[in-house]
Amino acid sequence: MTMAAADIKTRFDAQNESTKVALETTLLDPRFYTTDFDEMDRVDVTPVREEWDALIAQMKADPRRAHFKRTEDWDDVDFEAYPEELRKELVDFLISSLTAEFSGCVLYKEMKRRGSNPDICELFGYMSRDESRHASFINDALKDFGIGVNMGFLAKAKKYTYFKPKFIYYATYLSEKIGYARYITIYRHLERHPDKRIHPIFKWFKEWCNDEFSHGEAFALLMRSDPKLLAGHNKLWIKFFLIAVFVTMHVRDHARPAFHDAMGIDIDEYDAEVFRITSEISKQVFPLELDLDNPALKERFSKMVRISRKIDAAHQAGGIFGTLRKSMWMGAAGLNFVALYLIPTKKNEIPATSRLEPVW
Ligand SMILES: [Fe+2]
Ligand SMILES: [Fe+2]
C-alpha cells in the first residue's frame, strides 16, 4: 500500500469509527426525532402574530450568515500533544455536539419538507439552515483530528424516536435554551481564562449561542400560540422534561472529567450555572420551575451520576452477570428518577414573554 493509500485508509477507518460513535443510541446520546407533521400543519400562530413576525424577520435577515467559517482567529493547536484522555473526551464532546446539531437539522428540515403551513415551513427552513451550518462547522473542526462524521449516512442509519408535537416543543425548547446557556457559560469562562481554551471552536460560541437562543424563542411562541400546552395535565409533562433534560446533561458532563478539568471548569458549578440560566429563561413559558436550591434535588442529581457509572461498568464487564447488574442499576436509575419527580417544584407566575436578544 502506498503512503497516500495508507493515509486514505486510516482516514476512512477513522471516519467510520466516528460515524459509528455518532450512530450509537443510548439513553444519554442525542437522539433523532420524528413527529406528526399533519398536526404541525394545523398550528395557528395568530395569537402571537406580532412577536412571530419580528422573530421570523430577524431569522430571515440572517445576521450570522458569515460567522461559521474559519478565520485567522482559528488557532492551530497541536492536539497530538494533549494527554490521550483529554483528546478522547474532546473528540467525544465534538461528536456528540455535532449529533445534537444535526439531529435538529434533520427534524427541522423534515418539518419544512412535509409541511404546507407557510408559517411553519418558513420557520423550520431558517432553523434547519442554522443547524446545518453548526453541524458542518463542527464536522470541519473534527478534520483536524483526521476524522469526520458522514452526515448523509447518519441521517439514514440513525434510529428515530417518534414524539407528538407537544413533546417535541417541550424537549426541543429546553434543548435550545440549555444549548444557549451552555455555550454562553463556556464562552464567558474562557473569556476570563483564555489560557484554558483547549479548542479554537469556543471562540465562535458567543455568536453561535444567539442562534440557539432564537430557536428557543420560536418554540416558546409555538407553545404560547396554544396555551393549553402550558396548563392542566401538561404541567406534569413539563416537569418530566425539565428533570429529564437537566439530569441528562449532568450525567453526560460528568462523563468528561478530563475535558472540563483542562478548561478549569468545575462540573457541578458549571452545571448549576447552566441550570440557573435555563430555569430563569424558561419562566417565559413554563408555569413551574425546578427548585434548584433544594438539597434533595442536588443529591438525587449526584446519585444519578453514581448510578450511571455503575451502569457503564456493568456494560463494560458484559456477560450474564454484567447484563444482570446493568438491569439492576437501570432499575435504580428509574427509581431515582421517580424520587426526583416527587420533589416539589416552584410555581411560576411571571407572565409569558418573548425577546429577540438574550440578556443573560
Ligand atoms: Fe445549533
Ligand atoms: Fe438550535
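Identify, from the list Asp271, Asp291, Asp312, the residue that is in a helix (DSSP H, G or I), over 20 Å from the mean Cα position of the chain (by Cα) and acidic (Asp, Glu).
Asp312
Quick one: Leu242 ticks every box in (1) crowded, with 20+ Cβ neighbours inside 10 Å; (2) at pLDDT below 95 bar one, so which box is it?
Leu242 satisfies all of (1) crowded, with 20+ Cβ neighbours inside 10 Å; (2) at pLDDT below 95 except (2).
What pairs come up if the first residue lies in region 112-132 and is among the aliphatic types (A, V, I, L, M), the second is within 16 Å of ligand 1 (Cβ to nearest atom) and part of a helix (DSSP H, G or I), and their beta carbons are under 7 Å apart, counting only those six or more places apart or on different chains?
Listed by first residue and then by second, the contacts come to Ile120/Met111; Leu123/Ala218; Met127/Tyr108; Met127/His215; Met127/Ala218.
Going through region 242-268 one residue at a time, which ones are more than 15 Å from the chain's Cα centre (by Cα) and either in a loop (DSSP other than H, G, I, E, B) or under 27 Å from Leu221 (Cβ atoms) (or both)?
Across region 242-268, the qualifying residues are Ala255, Arg256, Met263, Gly264, Ile265, Asp266.
Of the residues that make up region 121-128, is at least one out of contact with any helix residue (DSSP H, G or I) (no Cβ under 8 Å at 6 or more places or on another chain), modelled with pLDDT of 90 or more and more than 13 Å from ligand 1 (Cβ to nearest atom)?
no
Within region 193-227, restricting attention to residues that are farther than 27 Å from Phe286 by Cβ, among the basic types (Lys, Arg) and more than 20 Å from the chain's Cα centre (by Cα), which residue is farthest from ligand 2 (Cβ to nearest atom)?
This residue is Lys196.
Of the conditions (1) away from ligand 1 (no atom under 16 Å from the Cβ); (2) more than 14 Å from the chain's Cα centre (by Cα); (3) closer than 29 Å to Val285 by Cβ, Tyr170 fails just one. Which one is it?
Against the list (1) away from ligand 1 (no atom under 16 Å from the Cβ); (2) more than 14 Å from the chain's Cα centre (by Cα); (3) closer than 29 Å to Val285 by Cβ, Tyr170 comes up short only on (2).
Which ranges mark the helices (runs of 4 or more DSSP H) fully within region 1-102 that have 1 or more residues being modelled with pLDDT under 65 and out of contact with any strand residue (DSSP E or B) (no Cβ under 6 Å at 6 or more places or on another chain)?
Of the helices (runs of 4 or more DSSP H) lying wholly inside region 1-102, those with at least 1 residues that are modelled with pLDDT under 65 and out of contact with any strand residue (DSSP E or B) (no Cβ under 6 Å at 6 or more places or on another chain) span 3-23.
Could you check, for region 136-143, whether at least one of its residues is under 22 Å from Ala61 (Cβ atoms), within 13 Å of ligand 1 (Cβ to nearest atom), buried (at least 18 other Cβ atoms within 10 Å of the Cβ) and at pLDDT 95 or above?
yes
Just to be sure I understand the filter: pairs with C-beta atoms under 8 Å, separated by 6 or more residues or on different chains, first member in region 143-160 and at negative phi, second member acidic (Asp, Glu) and modelled with pLDDT under 85. Which pairs pass?
Partner pairs satisfying both residue conditions: Ile147/Glu17.
Identify the single condition in (1) out of contact with any Gly (no Cβ under 8 Å at 6 or more places or on another chain); (2) modelled with pLDDT of 95 or more that Pro227 does not satisfy, given that it satisfies every other one.
Evaluating Pro227 over (1) out of contact with any Gly (no Cβ under 8 Å at 6 or more places or on another chain); (2) modelled with pLDDT of 95 or more leaves (2) as the failure.
The values are calculated or read from the model by the stated rules, or taken from the named source; none is laboratory data. The structure presented is a predicted model; accordingly, all values stated were derived computationally and were not measured. As a convention, Cβ positions derive from the backbone with ideal geometry for all residues, glycine included, and neighbour counts pool all protein chains shown.
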